[in-house]
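The numbers here are math on the coordinates, done by the rules we state, and not lab data. Keep in mind that what you see is a predicted model, and the values were worked out from it rather than measured. As a convention, Cβ positions derive from the backbone with ideal geometry for all residues, glycine included, and neighbour counts pool all protein chains shown.
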Amino acid sequence: MARYTGPACKLCRREGKKLYLKGDRCVTGKCAVERRTSAPGQHGADVKKMREYGMQMREKQTAKRYYGVLERQFRNYYEEADRKEGMTGENLLILLERRLDNVVYRMGMAECRRDARQLVLHGHFTVNGKKVNVPSFIVKPGDVIAVKESSRSSVKFKGLAESEGGVRTPKWLDSDKKNFTAKVVAMPAREDIDFEFNEQLIVELYSK
């Protein structure tokens, strides 16, 4: 299964904003975006004029990296979103929000989406009582996501369950950290996505 294995902080620096790829580290003074404001590479500090195509590309790359998917998979999500009724850009973001690794992160059972992806791959979660180890699994209203019984006694999951901080749980997800479960109570809405995206730029890029 293809995935990005390089330094996460380089991705944030390239986009010039925090993508929260390393959990709590991103909200401390150790965050690379705060320590080194320029883009990575020999010419990263050069001031470049951003044209229309460049803005569209950067927005697409930001969304890809924020949710942890690669180009072909992201394009497939776009094509699926385009086939659905409604606004393509909103459909795209809602599809990405419904990925199992994102749900695991949103329910507070992982420090970041990269961490959530690994935990799902290792088979620590169930959906409606059945083990699912596919991070791209798309949840739907009524699905119950839970930490597998045999994994709940681990130090990692106990620490996450007892933690008071972490990510804000969206209203479409009813999370019960003490019981290591969450239920999808509705479809995500555009206003539930707390990261600032301009999805119209992504639509314009793929529409060319």
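Taking a threshold of 26 Å on the Cα-Cα distance, which of the pairs Lys17/Lys177; Lys140/Lys178; Lys17/Lys158; Lys140/Lys171 fall above it? Exceeds cut-off: Lys17/Lys177; Lys17/Lys158.
For region 76-182, the list of GluC sites (Glu not before Pro) that fall in a loop by DSSP and count at most 11 other C-beta atoms within 10 angstrom reads Glu85, Glu164.
Its Cα centre serving as origin, region 100-187 has a Cβ charge dipole (Lys and Arg +1, Asp and Glu -1) of approximately 120 debye. A viscosity of 1.002 mPa s and a temperature of 20 °C, combined with the Kirkwood radius over C-alpha pairs in the Stokes-Einstein formula, give region 68-169 a diffusion coefficient of 149 µm²/s.
Since only Ser151, Asn128, Thr169 are under comparison, the one whose Cα sits farthest along the positive direction of the charge dipole of region 100-187, derived from C-beta charges on Lys, Arg, Asp and Glu, is Asn128. Across the alpha-carbon atoms of region 158-208, the computed radius of gyration and Dmax are 15.8, 49 angstrom.
With contacts defined as alpha carbon pairs under 8 Å and 6 or more residues apart, what's the relative contact order of region 100-187 in percent?
On the way: 147 pairs, mean separation 28.3, N = 88.
Averaging sequence separation for qualifying contacts and normalising by length gives 32 percent for region 100-187.
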